[in-house]
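Asker: Please see the structure below; I have some questions.
Values quoted throughout were computed directly from the atomic coordinates according to the rules given, and no laboratory measurement underlies them. On a predicted model such as this, the values are computed, not experimentally measured, just so you know. With ideal geometry, Cβ positions are generated from the backbone for all residues, glycine too; neighbour counts draw on all protein chains shown.
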There are 2 protein chains.
Amino acid sequence: MSNHAEAPVGAFEPPYYVAVFTTVRTEDQDGYRETNARMEELVRAIPGYLGMDHAQTPGGLGITVGYFRDAEALAQWRSNAEHRAAQQRGRAEWYQSYTLHVAKVERSHGFVRA
Amino acid sequence: MSNHAEAPVGAFEPPYYVAVFTTVRTEDQDGYRETNARMEELVRAIPGYLGMDHAQTPGGLGITVGYFRDAEALAQWRSNAEHRAAQQRGRAEWYQSYTLHVAKVERSHGFVRA
């Protein structure tokens, strides 16, 4: 996934959705990078997809936060067949552990240095 | 903040709250580390604080996700006087840009490799 060294994804007008996906990966990362790139391509094509932040602690925790306009956009992403297959492979091979938190944003704000 | 290389924070029973705080920092990090450690100490003392995940891309984006049992726990953290002073200093010195998304978790699940 992309790093956004220039700026984090900004605040949108609530309500919108965040999907917080936190992971610790296994040693077996065969095929991960290619699948990850394909998932990024697919999610960008979902109407109502707003953006993504990702950070990875070396050898440790990964956090990906996806932003979606509404529950329908998330449902479309969740039911995507390629995405579901990737999730299965993730559980079988790539992830030691993960957590997904899906949440409706009630307030948000951003700051950018003048 | 801590790295959680062993496992991400797990799923709680919804509803609960996430505060997603994404940052890009400035060159001026004088005092940041000490203040950050103090904020971690303070937030852990809030009743209803559930945990935190943090990851930092070298030289780039930081993502901190805080988990809270309810809106009252978040409100208590938000109104903490030392926290408010740290936020002010952050805008004055430490952050190039940041975004805060406060959201109510509707569903969550976790996976841990057997």
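Asker: Can you tell me which residue among A:Ala11, A:Ala81, A:Ala73 is free of Cβ contacts under 8 Å to residues at least 12 places away in the same chain, small (Gly, Ala, Ser) and farther than 22 Å from B:Gly110 by Cβ?
Answerer: Only one candidate qualifies: A:Ala81.
Asker: Conditions: (1) more than 21 Å from B:Thr23 (Cα to Cα); (2) at the interface with chain B (Cβ under 8 Å from one of its Cβ atoms); (3) not in a strand (DSSP E or B). A:Pro8 meets all but one. Number of the miss?
Answerer: (1)
Asker: Moving on. Filter segment A:58-100 for residues that are of a type in the set (S, T, N, Q) and in contact with a strand residue (DSSP E or B) (Cβ under 8 Å, 6 or more places away or on another chain); which is surrounded by the fewest Cβ atoms within 10 Å (Cβ to Cβ)?
Answerer: A:Gln96
Asker: Filter segment B:20-40 for residues that are assigned to a strand (DSSP E or B) and polar (S, T, N, Q); which is nearest to the chain's Cα centre (by Cα)?
Answerer: B:Thr22
Asker: Give segment B:17-57 a look and list any residue that's away from chain A (no Cβ under 14 Å) and within 20 Å of B:Glu72 (Cβ to Cβ), or say none.
Answerer: B:Met39, B:Leu42, B:Val43, B:Arg44, B:Ala45, B:Ile46, B:Pro47, B:Gly48, B:Tyr49 - these are the residues of segment B:17-57 that are away from chain A (no Cβ under 14 Å) and within 20 Å of B:Glu72 (Cβ to Cβ).
Asker: Could you tell me which numbered condition A:Gln88 fails, if it satisfies all but one of (1) of a type outside the set (A, V, I, L, M); (2) more than 30 Å from B:Arg91 (Cα to Cα); (3) under 15 Å from the mean Cα position of the chain (by Cα)?
Answerer: (3)
Asker: Please specify each residue of segment A:39-57 satisfying the condition of being surrounded by fewer than 18 Cβ atoms within 10 Å (Cβ to Cβ), in contact with a Phe, Trp or Tyr (Cβ under 9 Å, 6 or more places away or on another chain) and without any contact (Cβ under 8 Å) to a residue 40 or more places away in the chain.
Answerer: A:Gly48
Asker: Consider only pairs whose beta carbons are under 8 Å apart and that are at least six residues apart or on different chains; among these, list those whose first residue lies in segment B:89-114 and is within 7 Å of chain A (Cβ to nearest Cβ) and in a helix (DSSP H, G or I) and whose second residue is of a type outside the set (D, E, K, R) and surrounded by fewer than 20 Cβ atoms within 10 Å (Cβ to Cβ).
Answerer: Close Cβ pairs satisfying both conditions: B:Arg91/A:Phe111.
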